[in-house]
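Encoded as C-alpha cells, the structure appears first; notes follow it.
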Amino acid sequence: MLDRTIIDDIITRALREDMPMGDITTDSTVPPSETCRANLIAKEDGVIAGLEVFERTFMLLDPNMQIERFVEDGDFVAKGTRIMFLSGNARAMLKAERTALNLLQRMSGIASLTRRFAEKLKGTDSKIVDTRKTAPGLRYLDKYAVRAGGGTNHRFCLSDGVLIKDNHIKAAGGIIPAVKRARASIPHTIRIEVETESLEQVKEALEAGADIIMLDNMTPDLMTEAVRFINKRALTEASGNITVDTVETIARTGVDLISSGSLTHSVKAMDISLRFE
C-alpha cells in the first residue's frame, strides 16, 4: 500500500518542476473544455509498478478523470499489452503525461529488474534486498517498486537502523567499540549490522554481538567460509557489485540476504507509452 499523502507530495513537486508557470504549448493550442481518450501501452516486456502514482498525477489536475486498469502492480506484461484506459480533460492529460510516465517507467524498470534477481534466487534461502542508492526525493517510490518486483527492503533511511560501515569503524576506533557504543545508545528493538571485508573482521563483529554481518566485496569462497563460521549466530548479508549474472553464485554461499544498489541506482526505465485515440 502506498500512502497517498506522500505520493501526492512527490507528484505535486514534480508537476511544479515541469510547469512552474504553466504549460504554454497546451494552454495556447488546446481549448479549456476539450476532452480526450487515451490508452497506456507497454512497449516492451516487463513488470508493472506505480499505477496508483500514475493515476494520481492525472487526478490531481482533473479530479473527474475516468480511469480503467487492466493490470495491477506486480503483474508481468508482454509488449503491446493495454495497461490502462483514460478519459477526461485534454489539457490535464497533456500536462500530466510526461510526469506520470517518468514515474511509472522508472518504477516499472525497478520492478522488472528486481523480478529478474528474484527469479534467479528461486529454490535458495537468500532474499534480494535494495539499498539507499535511490533517486533523491523518490526513495519511497523506488523501494515500493522493489517490493512490487518481489524484492525486500533494507533500511529506509539513516534513522531506522544501525549499519556500521568501514568509515564508521575507522572513526570509532574499531568494530568492538563501535558496536558497544551503538548498543548503549539505541532502543532494544533496533538491530545492529556491521560491514566486514575479511574473516578477521567477521570474527570481531560476531564477538561484538552484531545482529547482522555484511560480507562486503568478498569472493564466493571467502563468503562460504564466513557463513560457515557465523553458523546462524547472526544474519548474513552479501554486498558489493552484485549483478543478475552473479547473484545465483552468491546465493550458493548460504547468505541470508543479498543487497544490490543496481536495483535502483542505475536502472533502465521500462518503455511505456500513452497513446491518444
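Worth a mention:
- All of 28, 33 fail the test of being part of a loop (DSSP other than H, G, I, E, B) and out of contact with any Lys or Arg (no Cβ under 8 Å at 6 or more places or on another chain), apart from 33.
- Restricting the stretch 109-137 to residues that are over 10 Å from the mean Cα position of the chain (by Cα) and of a type in the set (Ser, Thr, Tyr), the residue that is nearest to residue 14 (Cα to Cα) is 112.
- Single residue of 131, 114 found to be touching a Gly at 6+ places or on another chain (Cβ under 6 Å), part of a helix (DSSP H, G or I) and farther than 18 Å from residue 71 by Cα: 114
- Number of positions in the stretch 174-209 that are surrounded by 13 or more Cβ atoms within 10 Å (Cβ to Cβ) and outside any loop (DSSP other than H, G, I, E, B): 21
- Per-region count, the stretch 232-252, residues under 23 Å from residue 169 (Cβ atoms), of a type in the set (S, T, N, Q) and out of contact with any strand residue (DSSP E or B) (no Cβ under 6 Å at 6 or more places or on another chain): 1
- Per the conditions (1) among the β-branched types (Val, Ile, Thr); (2) closer than 20 Å to residue 2 by Cβ; (3) touching a residue at least 40 places away in the same chain (Cβ under 8 Å), the sole criterion not satisfied by residue 124 is (2).
- When the stretch 6-24 is filtered for residues that are in contact (Cβ under 8 Å) with a residue 60 or more places away in the chain and either assigned to a loop (DSSP other than H, G, I, E, B) or among the polar types (S, T, N, Q) (or both), the ones remaining, listed by number, are 19, 23.
- Subset of the stretch 49-105 that is open to solvent by 30 Å² or more (accessible area, probe 1.4 Å) and of a type in the set (Ser, Thr, Tyr) - its residue that is nearest to residue 10 (Cα to Cα): 87
- Across the stretch 156-170, a minimum of one residue is classified as more than 28 Å from the chain's Cα centre (by Cα) and over 30 Å from residue 46 (Cβ atoms).
The values are calculated or read from the model by the stated rules, or taken from the named source; none is laboratory data. It should be emphasised that the depicted structure is a prediction, and the values quoted were computed from it without experimental measurement. Because the Cβ atoms are built from the backbone with ideal geometry, glycine has one as well, and the counts that use them run over all protein chains shown. Note: accessible area is taken over every heavy atom of the protein model, side chains too, but ligands, DNA and RNA are not part of it. Shrake-Rupley method; radii C 1.70, N 1.55, O 1.52, S 1.80 Å.
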